[in-house]
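The values are calculated or read from the model by the stated rules, or taken from the named source; none is laboratory data. What you are looking at is a predicted structure, and each value in this text was computed from that prediction instead of being measured. Positions of Cβ are generated from backbone atoms using ideal geometry, with glycine treated the same way; all protein chains shown enter the neighbour counts.
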There are 2 protein chains.
Amino acid sequence: MSTVSSTADDILACARTLIIAGGYNGFSYADIADVVGIRKPSVHHHFASKVDLVRTLVSRYREEAQAGLSALERNVADPADQLRNYVGYWEACIKDATAPFCVCALLASELPILPEEVALEVRAHFRFLASWLASVMERGKRQGRLHLASTARVEAEGFMATVHGAMLSARAYGDPKMFGTIIRPLLDRLSTRH
Amino acid sequence: MSTVSSTADDILACARTLIIAGGYNGFSYADIADVVGIRKPSVHHHFASKVDLVRTLVSRYREEAQAGLSALERNVADPADQLRNYVGYWEACIKDATAPFCVCALLASELPILPEEVALEVRAHFRFLASWLASVMERGKRQGRLHLASTARVEAEGFMATVHGAMLSARAYGDPKMFGTIIRPLLDRLSTRH
DNA sequence: GCTTAGCTACCTTCCAGTAGGTAGGCAGTC
DNA sequence: GACTGCCTACCTACTGGAAGGTAGCTAAGC
């Protein structure tokens with residue numbers, strides 16, 4: 001029942017990997033067919049068009065992210081630890097190279113040439129992530145566990161931007177450790193009084 | 001004598017705009033030919049291959065960046081003002097939408113699928129920019145004009161990452177002001193004692 | 001007997017790149 | 001000053017391959 005069609009999931013997983021490597025125009029249905037082990041038209045059977053595939057993929061990605069952050073809120077009480085956990089997730093992804101970049105961050109860089117349906121999903125992810133970070137910042141401030149230099153909203157936007165920029169630097173240098181090198185001082189600044 | 005061939009320059013300028021919009025695979029020789037007003041094979045006359053074109057473009061971009069930062073060092077003495085000036089440059093670019101993204105930052109996001117010759121140039125730009133920022137941080141620290149929370153190198157990498165991430169956020173939100181919103185607190189933290 | 005999941009064969013369009021030609025400019029030379 | 005040779009900057013016409021996508025078939029399963 002949950003394994004109705006593993007092929008569609010395989011296609012989505014494969015497309016995600018390919019998008020993370022080179023963006024929307026960096027892969028084709030032929031690439032996916034090769035990896036998944038079916039013929040090109042069979043990919044169309046699962047996802048009628050490329051826009052359809054990528055929109056579904058990003059939508060699914062957003063659901064996972066929202067579920068993941070909800071779980072984080074349930075399992076970790078301290079706002080500072082929540083931030084550390086969030087960062088740790090990406091640190092691990094970048095280290096083991098399974099998915100060393102946020103799908104939405106990569107697609108956002110090509111926003112001007114993205115099909116509108118995909119662009120909408122990407123923008124929605126940015127708004128959601130920034131809102132979640134702002135709520136963590138706000139709570140951390142109220143509880144005296146995070147020391148903000150500006151408003152929760154601005155601090156959240158700065159945090160998100162730095163995380164995305166750190167992913168980019170890690171990729172540019174070909175050095176997974178660069179992500180942590182950049183983010184750790186940021187966490188320290190937020191969680192220690194000065 | 002300096003206007004030997006403005007067509008080659010037109011092609012480079014056009015390609016730069018197109019890359020900023022959608023990356024390496026987001027444009028074609030046909031797109032360039034349309035904008036510049038010549039036929040597609042005539043583009044090949046100036047740049048034998050697409051790799052050739054983009055490598056030249058990035059190489060030229062790096063030269064301009066290095067010249068620009070050299071001029072900044074000559075004209076502005078205070079390290080904090082140098083950072084403000086650098087940020088102000090991008091703020092203006094994003095605001096008037098002429099080139100609202102760093103060519104190398106965009107290409108870096110697609111590094112895994114970039115032709116090696118282009119990838120080399122992109123990585124070199126990251127190293128150069130980070131080195132320049134580190135030297136500014138170092139000097140600012142010595143002169144007591146910048147207050148670093150960690151080493152000059154780490155502070156420089158964090159600064160660069162935040163600038164790149166802020167470009168991405170401005171694009172994702174479709175809001176040029178977002179860049180300044182994110183970067184201003186960063187400049188404040190570096191230039192005021194706390 | 002309808003649905004699902006795959007297939008082969010094919011279409012149109014676009015892609016980077018090539019072949020080969022033309023028109024004009026600028027030497028040098030008789 | 002006309003002729004020759006070469007160069008630059010384009011052009012038309014084309015190639016091979018890859019792109020996204022379609023038509024219509026088969027085989028299996030409930």
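Scan the range A:25-55 residue by residue and report those that are under 30 Å from residue A:174 (Cα atoms), in a helix (DSSP H, G or I) and among the polar types (S, T, N, Q). Listed by number, the list holds a single entry, A:25. Taken over the range A:3-24, residues that are within 13 Å of DNA strand D (Cβ to nearest atom) and hydroxyl-bearing (Ser, Thr, Tyr) amount to 3. When residues in the range A:123-148 are screened for being touching a Pro at 6+ places or on another chain (Cβ under 6 Å) and not β-branched (Val, Ile, Thr), 4 of them pass.
If you go through the range A:67-85 and pick out every residue that is in contact (Cβ under 8 Å) with a residue 24 or more places away in the chain and under 15 Å from the mean Cα position of the chain (by Cα), you end up with 2.
Taken together, the criteria place residue A:98 among residues that are away from DNA strand C (no atom under 16 Å from the Cβ), among the β-branched types (Val, Ile, Thr) and modelled with pLDDT under 95.
For the subset of the range B:149-165 comprising residues that are crowded, with 23+ Cβ neighbours inside 10 Å and touching a Pro at 6+ places or on another chain (Cβ under 9 Å), which member is farthest from residue A:159 (Cα to Cα)? Looking at residues that are crowded, with 23+ Cβ neighbours inside 10 Å and touching a Pro at 6+ places or on another chain (Cβ under 9 Å), I get B:155. Of everything listed in (1) assigned to a helix (DSSP H, G or I); (2) touching a residue at least 60 places away in the same chain (Cβ under 8 Å), the single unmet condition for residue A:99 is (1).
Considering (1) over 30 Å from residue B:142 (Cβ atoms); (2) modelled with pLDDT of 95 or more, say which one residue B:104 fails and leave the rest. Of (1) over 30 Å from residue B:142 (Cβ atoms); (2) modelled with pLDDT of 95 or more, only one is false for residue B:104: (1).
Inside the range B:15-52, residues that are within 6 Å of DNA strand C (Cβ to nearest atom) and surrounded by 19 or more Cβ atoms within 10 Å (Cβ to Cβ) make up a count of 2.
Any residue that is more than 16 Å from DNA strand D (Cβ to nearest atom) and in a helix (DSSP H, G or I) - is there at least one of those in the range A:110-118? Taking every residue of the range A:110-118 in turn, at least one turns out to be more than 16 Å from DNA strand D (Cβ to nearest atom) and in a helix (DSSP H, G or I). Any chance the range B:62-85 includes a residue that's closer than 27 Å to residue A:101 by Cα, more than 11 Å from DNA strand C (Cβ to nearest atom) and assigned to a helix (DSSP H, G or I)? Yes, because at least one residue in the range B:62-85 is closer than 27 Å to residue A:101 by Cα, more than 11 Å from DNA strand C (Cβ to nearest atom) and assigned to a helix (DSSP H, G or I).
Pairing residues of the range A:139-150 that are farther than 19 Å from residue A:73 by Cα with residues that are in a helix (DSSP H, G or I) and modelled with pLDDT under 95, at Cβ distances under 9 Å and at least 6 apart in sequence or on separate chains, gives A:147/A:191.
The set of residues from the range A:4-24 being within 14 Å of chain B (Cβ to nearest Cβ) and part of a loop (DSSP other than H, G, I, E, B) comprises just one member, A:23. In the range A:106-138, which residues are hydroxyl-bearing (Ser, Thr, Tyr) and surrounded by fewer than 19 Cβ atoms within 10 Å (Cβ to Cβ)? Those that are hydroxyl-bearing (Ser, Thr, Tyr) and surrounded by fewer than 19 Cβ atoms within 10 Å (Cβ to Cβ): A:131, A:135. Quick check on this structure: which one of B:163, B:154 is touching a residue at least 40 places away in the same chain (Cβ under 8 Å) and not in a loop (DSSP other than H, G, I, E, B)? Answer to the selection: B:163. Taking the criterion of being out of contact with any Leu (no Cβ under 7 Å at 6 or more places or on another chain), over 19 Å from residue A:18 (Cβ atoms) and facing chain A (nearest Cβ under 8 Å), the only residue of the range B:111-125 that qualifies is B:123. Condition test on residue A:108, is it closer than 24 Å to residue B:188 by Cα, at the interface with another protein chain (Cβ under 9 Å from one of its Cβ atoms) and under 16 Å from the mean Cα position of the chain (by Cα)? Spelling it out, it is not the case that residue A:108 is closer than 24 Å to residue B:188 by Cα, at the interface with another protein chain (Cβ under 9 Å from one of its Cβ atoms) and under 16 Å from the mean Cα position of the chain (by Cα). Number of residues in the range B:36-90 that are of a type in the set (Asp, Glu) and closer than 19 Å to residue B:128 by Cα: the value is 3.
Cβ-Cβ contacts under 6 Å between residues 6 or more apart (or on different chains), taken from a first residue in the range A:118-132 that is within 20 Å of residue B:181 (Cα to Cα) to a second residue that is at pLDDT 95 or above and among the charged types (D, E, K, R), are listed as A:125/A:62; A:130/A:157. Of the residues making up the range B:25-75, those that are within 14 Å of DNA strand D (Cβ to nearest atom) and within 14 Å of chain A (Cβ to nearest Cβ) are B:25, B:26, B:28, B:50.
Go through (1) within 16 Å of DNA strand C (Cβ to nearest atom); (2) surrounded by fewer than 18 Cβ atoms within 10 Å (Cβ to Cβ) and name the single condition residue B:59 misses. Only one criterion in (1) within 16 Å of DNA strand C (Cβ to nearest atom); (2) surrounded by fewer than 18 Cβ atoms within 10 Å (Cβ to Cβ) is unmet by residue B:59, namely (1).
Among the residues of the range A:167-190, which ones are facing chain B (nearest Cβ under 8 Å) and within 19 Å of residue B:187 (Cβ to Cβ)? Result: A:182, A:185, A:186, A:189. Taking the numbered list (1) at the interface with another protein chain (Cβ under 7 Å from one of its Cβ atoms); (2) in contact with an Asp or Glu (Cβ under 9 Å, 6 or more places away or on another chain); (3) not β-branched (Val, Ile, Thr) in turn, residue A:152 passes all entries but (1).
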